[in-house]
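Enquirer: Take this structure first; my questions come after.
The values are calculated or read from the model by the stated rules, or taken from the named source; none is laboratory data. As the structure is a prediction and not an experimental result, all values here were calculated from the model. Here the Cβ is made from the backbone with ideal geometry for all residues, glycine too, and neighbour counts use every protein chain on show. SASA here: full protein model, heavy atoms, side chains in, ligands and nucleic acids out. Shrake-Rupley method; radii C 1.70, N 1.55, O 1.52, S 1.80 Å.
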Amino acid sequence: DLPWNEFVEGGHPIIKYVIGKYEMMEILKDSGDGNGFVFLDKTIDPYFVDKSTLPAANKSAVWKYKMIYWFDGKRAGEWSKDLPVTVHGE
């Protein structure tokens, strides 16, 4: 299942997922800056907050994420579909 998101106070997106039997989740992010998907983090927290700098005030951007589980010290399964999130500057 594709993780889903919501926002914490201040506009930072939360990536939620079920950890289940897996060790962690690896997250890639495309900030729309022309660099494509780059490594963001590996986390065991099923409520991961992306604390990246938000766009300037009154601007918005679409950030895309893709995730893959880790099990027994290596990636397990397939990368998720892209998860687009619109963030806004405050």
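Enquirer: Filter region 45-78 down to the residues that are farther than 16 Å from I15 by Cβ and basic (K, R) and list them by number.
Expert: K59, K74, R75
Enquirer: Show me the strands (runs of 3 or more DSSP E) entirely contained within the chain in which 1 or more residues are open to solvent by less than 40 Å² (accessible area, probe 1.4 Å) and of a type outside the set (F, W, Y).
Expert: Numbers: elements: 4-7, 13-16, 24-30, 38-43, 47-49, 60-71, 74-76, 83-88.
Ranges flagged: 13-16, 24-30, 38-43, 60-71, 74-76, 83-88.
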